[in-house]
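The values are calculated or read from the model by the stated rules, or taken from the named source; none is laboratory data. Quantities reported herein were computed from a predicted structural model and do not represent experimental measurements. Note: ideal-geometry Cβ built from the backbone for every residue, glycine included; neighbour counts use all protein chains shown.
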Amino acid sequence: MSDPHYPPLSVTSRNRLLSDRILIAFNQAYEQDDLDVAERLVRVFETLSRRALKPNTNRRREMDNLVAAYQRLWLLRRRNAGTSELLRVPVNCERQVQWS
């Protein structure tokens, strides 16, 4: 039962985690200089990374990906903003992050 509007998914695509798909979308938004979408996607990725992971998922890899995403977001903000915007602290960074 396949939909003619969507190509069939490969085995790799079916096994990919939602967080991996969000990260891919974030990277695409970064490459297209879409700051608004990139900011939203990195928050979604962070939410998914905080949740309990599957037993075979590497938590360190998830956290490394999250840090890299925030670094790319910072670079994107820097490219798209004036000097005064660079000094702005995002609301979600003002609180201390606690991982469960």
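A few comments on the model shown:
- Identity of the residue in the stretch 60-100, polar (S, T, N, Q) and modelled with pLDDT under 60, that ends up nearest to residue 38 (Cα to Cα): 92
- Pairs linking a residue in the stretch 35-51 that is closer than 10 Å to residue 19 by Cβ to a residue that is part of a helix (DSSP H, G or I) and of a type in the set (Ser, Thr, Tyr), with Cβ atoms under 7 Å and 6 or more positions apart or on different chains, are 45/19; 48/19; 49/19.
- Residue ranges of helices (runs of 4 or more DSSP H) in the stretch 1-59 with at least 2 members touching a Leu at 6+ places or on another chain (Cβ under 6 Å) and either modelled with pLDDT of 85 or more or loosely packed, with under 12 Cβ neighbours inside 10 Å (or both): 18-31, 35-50
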